[in-house]
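Written below as structure tokens is the structure these notes are about.
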Amino acid sequence: MPKRLPSLSEYGVTWSANKRVAIVALVITALLALAATAAWFSGRGEHHQSADPPSQNSSSSPSEAAPKPAAGSGSVPKPPQIAEPVAFAKAAAQMLWSYDTRDTSRDQQLAGMRAWMTKETQYTDWASVSGQVPDPLLWSRMTDQDQHASATVTEGHYPGAFKQALAEDPSAITEAYIYVVTVNGKQQIEWKKGGGGAEDRAVTLAVQCRPNHDCTLAAIAPSVTQ
């Protein structure tokens, strides 16, 4: 049976130190979501960061590298023109849980995902998003099996700690306009000879929605917070 696209927790995604510090300091601390919220963005990320070999601090892994502009995006949908955080997060989660190795190369998958990211570099954590894409060897094996996946989103919401922090200091969000949204859904995976399966999915996203602008994706949290 071919391997499926790993979930974020299975793939061992980490947030880069600089990006994690920036997001935590400017968004989470500003929103006063002290211990509970800090745990969303630093818990497992710090564990994996300490386990990384020193060489990874000075060079990007294949999944972290920016995709080539000419690669195209294959079956990856373009980001929607949505200015509401929960609606955008639901669309982003559906994109993240969907892929089709039959007509989309790994570079195209990365390029398509990159188009959803905020262009404000101080808030974007591309590594947390690109890390969801399997390495070239695994992607090649998935391609051999015509593996593809679709997703259905059931709901999206602001986690309780985020809502509490926002209620305590509504003006704090105006620094970066980054919202924390948790999305739940289901992923259907299929491959050659009728193989397939389905599983529940959940992800906590950081999305940026500045006034009078469409939302963009900033990062994926290292763990899901309901």
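The values are calculated or read from the model by the stated rules, or taken from the named source; none is laboratory data. Since this is a predicted model, take the numbers as computed values, not measurements. Here Cβ is always computed from backbone atoms with ideal geometry, including for glycine, and neighbour counts include all displayed protein chains. Quick note on the areas: whole protein, heavy atoms, side chains included, nothing else; ligands and nucleic acids left out. Shrake-Rupley method; radii C 1.70, N 1.55, O 1.52, S 1.80 Å.
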**Message:** Check which residues have an amide H placed less than 5 Å from Gly196's amide H, if you skip close sequence neighbours.
**Reply:** Trp191
**Prompt:** What is the spin-label model distance, in nm, from Glu199 to Asp214 if the labels are put 7 Å beyond Cα along the C-beta direction?
**Reply:** 3.1
**Fill in**
The percentage of the accessible area of the stretch 92-166 (probe 1.4 Å, all protein chains present) made up of carbon and sulfur atoms, to the nearest whole number, is 49
**Fill in**
For the stretch 207-220, in residue order, the Karplus 3J(HN,Hα) values (coefficients 6.51, -1.76, 1.60; θ = phi - 60°; whole Hz; Gly and Pro = x) are 10, 9, 9, 6, x, 6, 9, 5, 6, 9, 8, 9, 5, 10
**Asked** So, in nm, how far is label Ser105 from label Lys78 when the simple model puts each one 7 Å beyond its Cα toward the Cβ?
**Response** 2.2
**Request:** Quote to one decimal, in nm, the extra length available between Lys192 and Gln122 on full extension: 0.36 nm per residue of separation minus the C-alpha distance between them.
**Result:** 21.0 nm
**Complete:** Quick shape summary for the stretch 78-147, equivalent ellipsoid via Cα gyration tensor, semi-axes whole Å in descending order, reads 24, 14, 9
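Mind pulling the per residue volume of the convex hull built on the Cα atoms of the stretch 132-226? Å³ is fine.
Numbers: hull volume 12.0 nm³, N = 95.
Hull volume over Cα atoms, normalised by residue count, gives 127 Å³.
Length gain on complete extension for the stretch Thr154 to Gln226, per 0.36 nm per residue less the alpha carbon to alpha carbon distance? Let's see the in-between values first.
Details: separation 72, 0.36 × 72 = 25.92 nm, distance 1.39 nm.
Using 0.36 nm per residue and subtracting the Cα-Cα distance, I get 24.5 nm.
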